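Scroll down for the structure; my scribbles are underneath it.
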């Protein structure tokens with residue numbers, strides 16, 4: 001039996017086009033999801049905002065008074081800065097790595 005012609009051309013063709021919602025999961029899995037500019041900025045700035053909030057919190061005079069009251073020898077500025085750095089690093093680690101609520 002001789003094979004003549006291309007059998008692909010003889011296959012039926014689908015005339016309808018797909019809609020965006022049908023193809024979106026496939027496109028997202030291949031190309032990744034495309035975030036808006038605001039979503040990208042928020043994700044990139046999250047660490048900086050967290051560090052800024054912790055810095056502002058630990059520069060408050062109430063925190064200085066609390067440290068002076070509860071930690072001996074903290075009237076030395078190096079000890080005060082060391083204690084503050086320790087708590088900032090600890091809180092930063094907890095906020096970044098521990099999930100406090102739900103997912």
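Here is how the numbers come out for the structure above:
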item: Subset of region 61-103 that is under 21 Å from residue 51 (Cα atoms) and part of a loop (DSSP other than H, G, I, E, B) - its residue that is modelled with the highest pLDDT; result: 98
item: Every residue from region 27-48 that is surrounded by 11 or more Cβ atoms within 10 Å (Cβ to Cβ) and either touching a helix residue (DSSP H, G or I) at 6+ places or on another chain (Cβ under 7 Å) or closer than 30 Å to residue 85 by Cβ (or both); result: 41, 42, 45, 46, 47
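The values are calculated or read from the model by the stated rules, or taken from the named source; none is laboratory data. Because the structure is predicted, anything quoted here is derived from the model rather than measured. All Cβ positions, even for glycine, are placed from backbone atoms using ideal geometry, and neighbour counts span all protein chains on display.
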